[in-house]
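Written out below as structure tokens is the structure these notes cover.
The values are calculated or read from the model by the stated rules, or taken from the named source; none is laboratory data. The structure presented is a predicted model; accordingly, all values stated were derived computationally and were not measured. Cβ atoms come from the backbone with ideal geometry, glycine included; neighbour counts cover every protein chain shown.
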């Protein structure tokens, strides 16, 4: 069966390294493109000014698109960082509650309260069932805690978040 088959055509492609023919083709295409370009005599001033204006407008549009993407990227990055911060705070609060409940069980404690005032955002609090009402209604840590910190910072000349 194979004896009947004959090879025909140009066999030179077997001897040339792979990709060499592609380079030759692209070089000839590039030469053809150069020949198609205008010479200095064929292009008048108006044509060059029109091309220059068109290219400047294209450059301006591309720069605006790039700036818009940078602004979006920065906003997304800030949002992502804020989301990560809230997630860490939530995990920390879960850990605190877990260990507080464990301490109540192991140490036979009757109750617990805690409050965290982050640099940004609202205060985070927690309390055992038997102290929760007192903690929220009487102590009002969510309002009085930040005020107490601001007063302490003012009394001790410590720069706070509003001072810089």
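Contact map, the stretch 89-110: residues that are modelled with pLDDT of 90 or more paired with residues that are assigned to a helix (DSSP H, G or I), Cβ distance under 9 Å, separation 6+ or inter-chain. Pairs shown: 109/100; 109/103; 110/104; 110/130; 110/131. Among the criteria (1) modelled with pLDDT under 85; (2) farther than 30 Å from residue 146 by Cβ, the one residue 74 does not fulfil is (2). Suppose we filter the stretch 98-116 for residues that are surrounded by fewer than 12 Cβ atoms within 10 Å (Cβ to Cβ) and part of a strand (DSSP E or B); how many remain? So the answer is 0. The set of residues from the stretch 121-144 being part of a loop (DSSP other than H, G, I, E, B) and touching a residue at least 12 places away in the same chain (Cβ under 8 Å) comprises 121, 122, 123, 128.
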